[in-house]
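Worksheet: one structure, shown below.
None of the figures in this text is laboratory data; all of them are computed from the coordinates on show. Everything numeric here is computed off the predicted structure, so don't read it as measured data. Reconstructed Cβ throughout: ideal geometry from the backbone, glycine too, with neighbour counts over all protein chains shown.
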Amino acid sequence: MGGVPRLPVRRLCVPGGWQWVFPDGEVRSVPTDQAWRLRHPEAFAPLCDRCRKRKIDRRALAQAIWGPRFAGLARWLEAARAETLPPDWDRR
Ligand SMILES: [Zn+2]
């Protein structure tokens, strides 16, 4: 993987404060052997200490930065939670 993330419309917080995008409640049902997917870079968005404590839309921020990569991960998480992943999902 590589590539420089696209700049979001909104001004980013100071670099170095990459925070996880998904709430704990959403990832609890993900099997541990698949949880590594949620450690991909696109599962994180840059937030400073101030924004980390505020209720901001982290998903929208991640979507703005990572685009299709985040959308793909979010779709995977949704399917994993609903247990509707196709049997061959990891080979695509
Ligand atoms: Zn901030």
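More than 16 Å from the ligand (Cβ to nearest atom), of a type outside the set (Ser, Thr, Tyr) and touching a residue at least 40 places away in the same chain (Cβ under 8 Å): is that true of Trp66 in this structure?
yes
Each residue in region 32-57 was checked for being assigned to a helix (DSSP H, G or I) and within 14 Å of the ligand (Cβ to nearest atom), and 5 pass. Scanning region 41-77 for residues that are closer than 11 Å to Val21 by Cα and of a type outside the set (A, V, I, L, M, F, W, C) gives Pro41, Glu42, Pro46, Arg52, Asp57, Arg58, Arg59, Gln63.
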